[in-house]
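The block underneath contains the structure these notes are about, expressed in structure tokens.
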Amino acid sequence: SGEALTRDLLTRHPQVTALLCMSDVLAQGALRAAAALGRRVPEDLSVVGFDDLPGSEALDLTTVWQPTGDKGEQVGQAMLTLLAGQPAAPVTLPTRLVVRGTTAPPAP
């Protein structure tokens, strides 16, 4: 989970000042671990998620948005192409950084 991984990372590497999580769900766990370890977000640790899931705004989570419906459609099409023995084109989607309250410049 994001919480267990973050707790382990921050315990072994307390100098870490930022995390980019592969999903907002993992970022939520990172936020819980940071709080449990006494790390202030964003003063001591910046956290960024990925997906901009419902609820991320309520957590004030900085995240990367992309059109998840399009992602599933394009990946599904690529898999069908590969299963047919044809090379699939790379899947490229638009993204947008949604800056909220879990990120700040690192402390000096």
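The values are calculated or read from the model by the stated rules, or taken from the named source; none is laboratory data. Note that the structure is a prediction, hence the values are computed from the model and not measured. Backbone-built Cβ (ideal geometry, glycine too); neighbour counts: all protein chains shown.
Looking at the stretch 89-108, which of its residues are of a type in the set (S, T, N, Q) and farther than 20 Å from Arg40 by Cα?
Here is the first cut: in the stretch 89-108, the residues of a type in the set (S, T, N, Q) are 92, 95, 102-103.
Thr92, Thr95, listed by residue number.
Output the residue which, of all residues in the stretch 46-60 that are surrounded by 12 or more Cβ atoms within 10 Å (Cβ to Cβ) and out of contact with any strand residue (DSSP E or B) (no Cβ under 7 Å at 6 or more places or on another chain), is nearest to Ala104 (Cα to Cα). Talk me through it step by step, then tell me what you get.
Our first condition is that a residue be surrounded by 12 or more Cβ atoms within 10 Å (Cβ to Cβ); within the stretch 46-60, this holds for 46-53, 56-57, 59-60.
Still in the running and out of contact with any strand residue (DSSP E or B) (no Cβ under 7 Å at 6 or more places or on another chain): 53, 57, 59-60.
Working: Leu53: 21, Glu57: 17, Leu59: 15, Asp60: 13 Å.
Among those residues, the one meeting the criterion is Asp60.
Can you say whether Ala104 is surrounded by fewer than 18 Cβ atoms within 10 Å (Cβ to Cβ), in a loop (DSSP other than H, G, I, E, B) and aliphatic (A, V, I, L, M), as far as the supplied structure shows?
Working: surrounded by fewer than 18 Cβ atoms within 10 Å (Cβ to Cβ): yes; in a loop (DSSP other than H, G, I, E, B): yes; aliphatic (A, V, I, L, M): yes.
Yes.
Residue by residue through the stretch 80-95, note down the ones that are assigned to a loop (DSSP other than H, G, I, E, B), among the polar types (S, T, N, Q) and without any contact (Cβ under 8 Å) to a residue 24 or more places away in the chain. First the steps, then the outcome.
Here is the first cut: in the stretch 80-95, the ones assigned to a loop (DSSP other than H, G, I, E, B) are 84-95.
Among the residues that remain, those that are also among the polar types (S, T, N, Q) are: 86, 92, 95.
Gln86, Thr92, listed by residue number.
For residues in the stretch 3-43 being closer than 14 Å to Ala107 by Cβ and hydrophobic (A, V, I, L, M, F, W, C), which is surrounded by the most Cβ atoms within 10 Å (Cβ to Cβ)?
Filtering first and then ranking leaves Val41.
Keeping to the stretch 54-88, report how many residues are more than 17 Å from Pro42 (Cβ to Cβ) and touching a Ser or Thr at 6+ places or on another chain (Cβ under 8 Å). It would help to see each step written out before you state the result.
Step one: filter the stretch 54-88 for residues more than 17 Å from Pro42 (Cβ to Cβ), giving 54-55, 65-88.
Those still in the list that are touching a Ser or Thr at 6+ places or on another chain (Cβ under 8 Å) too: 65-66, 87-88.
Going through the stretch 54-88 one residue at a time, the tally reaches 4.
Go through the stretch 1-19 and give me each residue that's without any contact (Cβ under 8 Å) to a residue 60 or more places away in the chain and under 11 Å from Thr102 (Cβ atoms). Give the derivation first.
Keep residues of the stretch 1-19 that are without any contact (Cβ under 8 Å) to a residue 60 or more places away in the chain, which gives 1-16, 19.
Once the filter is applied, which keeps residues that are without any contact (Cβ under 8 Å) to a residue 60 or more places away in the chain and under 11 Å from Thr102 (Cβ atoms), the stretch 1-19 yields only Leu19.
Just to be sure, is Gly85 more than 27 Å from Pro108 (Cα to Cα), out of contact with any Cys (no Cβ under 8 Å at 6 or more places or on another chain) and loosely packed, with under 12 Cβ neighbours inside 10 Å?
Numbers: more than 27 Å from Pro108 (Cα to Cα): yes; out of contact with any Cys (no Cβ under 8 Å at 6 or more places or on another chain): yes; loosely packed, with under 12 Cβ neighbours inside 10 Å: yes.
Yes, satisfied.
Using the structure shown, decide if Arg40 is touching a strand residue (DSSP E or B) at 6+ places or on another chain (Cβ under 6 Å) and either at pLDDT 95 or above or hydrophobic (A, V, I, L, M, F, W, C) (or both).
Details: touching a strand residue (DSSP E or B) at 6+ places or on another chain (Cβ under 6 Å): no; either at pLDDT 95 or above or hydrophobic (A, V, I, L, M, F, W, C) (or both): yes.
The answer is no for Arg40.
Which one is modelled with the lowest pLDDT, of the residues in the stretch 52-103 that are over 25 Å from Ala30 (Cβ atoms) and among the hydroxyl-bearing types (Ser, Thr, Tyr)?
Looking at the filtered set, the residue picked out is Thr92.
Quick one: in the stretch 49-79, of everything that is assigned to a helix (DSSP H, G or I) and either touching a residue at least 60 places away in the same chain (Cβ under 8 Å) or not small (Gly, Ala, Ser) (or both), which residue is nearest to Ser23 (Cα to Cα)? Don't jump to the end; show me each part of the working.
In the first step, residues of the stretch 49-79 are kept if they are assigned to a helix (DSSP H, G or I); the result is 68-79.
So of that shortlist, the ones also either touching a residue at least 60 places away in the same chain (Cβ under 8 Å) or not small (Gly, Ala, Ser) (or both) come out as 68, 70-71, 73-75, 77, 79.
Numbers: Thr68: 12, Asp70: 17, Lys71: 14, Glu73: 19, Gln74: 19, Val75: 17, Gln77: 23, Met79: 22 Å.
Residue satisfying both the conditions and the ranking: Thr68.
Anything in the stretch 17-47 that is outside any helix (DSSP H, G or I) and of a type in the set (Lys, Arg)? List them, or say none. Talk me through it step by step, then tell me what you get.
Of all residues in the stretch 17-47, those outside any helix (DSSP H, G or I) come to 17-23, 37-47.
Scanning the stretch 17-47 gives Arg39, Arg40.
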